[in-house]
Amino acid sequence: MQASTTDTRLQHPRSVERLVQGQATSDGAGVKLVRLLTQDLQRRLDPFLMLDAFATDNPGDYIGGFPDHPHRGFETVTVMLEGRMRHRDSAGNEGLLAPGSVQWMTAGRGVIHSEMPEQQDGRMEGFQLWLNLPARDKLCAPAYRDISPDQIPTLTQPGVSVRVIAGSSHGVAGAVQRDGTEPLLLDIRLEPGARFEQPLPAAHNGFVHVYRGELSVGDTLVRQRRMAILAQHAGSDGVRLQAGTDGARALLVAGRPLGEPIAQYGPFVMNSDAEIFQAVEDFRAGRLA
Ligand code: CO
């Protein structure tokens, strides 16, 4: 699906509140990654809980994969750029995450899954974003969807190509829509010097992660592998990106904050400590699968 539009320009684009470098860490069975959205930013970037980036040509950095582990209370969104990972879960779902695909998993009341590399060498690159569920949906039935590259609508403008994974952009509806948090997830490719504007509700939290080249958000230069937290101004109408001389690729993520308490213990994200204790107890008792 394609569309080309000429919208009126933004009048009050957002500036950058803060640039984030992320923290090198490892997760699963030793998979090396950079955690860009860390736990201390969960309130500021509500309803998003985590963003990890992984990008390596070294199999030693990813070969251990993510063996069986549980989740409860939120959704995981995996964006694969390069490489192949096999997903299996306790709800009986199995899928291959291939280059250009997206996996959207709703953990809800509980799922146990594994994500293991289906390659011995070669490049592995992508992202995992965690999106919170509203309190009323945290114990919903688990769900899982593999979204192949051809199921992701693309918006094109001069010098700009946008994969609309969730939400909508310039009249192009994305592959996933969510009430409540209204997440927007765009994978944006900009030719050298190209500009892209995305309207955003002023009350929504948002950030931009640049993973190739560099770009400007308003007057702020955002270099490769940095995340820019978008400032909140009353009356702002969106965000304006302009690529540097080498072009850029970036994720733009935004959503409506839930404003609910966040209680996280590892792979469980609930609203209170009591609910976390219950999640751990249910997992130990085999009630998550
Ligand atoms: Co997981």
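Taking 0.36 nm per residue of separation and subtracting the Cα-Cα distance, what length does fully extending VAL280 through GLN119 add?
Numbers: separation 161, 0.36 × 161 = 57.96 nm, distance 3.28 nm.
Value of the extension gain: 54.7 nm.
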Tilt relative to the chain, helix 273-284 - C-alpha long axis, 0 to 90 degrees, to 10: 60 degrees
Inter-probe distance in nm under a simple model that places probes 7 Å from Cα toward Cβ, at ASP246 and ALA231: 2.8 nm
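Which value, in debye to the nearest 20, gives the size of the charge dipole of the chain about its Cα centre, when Lys and Arg are +1 and Asp and Glu are -1 at the Cβ?
380 debye
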Descending semi-axes in Å of the stretch 220-283, equivalent ellipsoid built from Cα gyration tensor: 37, 17, 8
For the chain, calculated [θ]222 nm from helices alone, where every DSSP H run of n ≥ 4 adds -39500 (n - 2.57): -1500 deg cm²/dmol
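What ratio of Cα Rg to 2.2 N^0.38 Å holds for the chain? Show your work: numbers first, answer last.
Details: Rg = 18.4 Å, N = 289, 2.2 N^0.38 = 18.9 Å.
That ratio works out to 0.97.
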Extension gain, ASP219 back to THR156 (0.36 nm per residue minus Cα-Cα distance, nm): 20.3 nm
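Every read-out reported here was derived from the displayed coordinates using simple, explicitly stated rules and does not represent laboratory data. The structure displayed is predicted, hence computed values, not measured ones. So basically every Cβ, Gly included, is an ideal-geometry build from the backbone, and we count neighbours across all protein chains shown.
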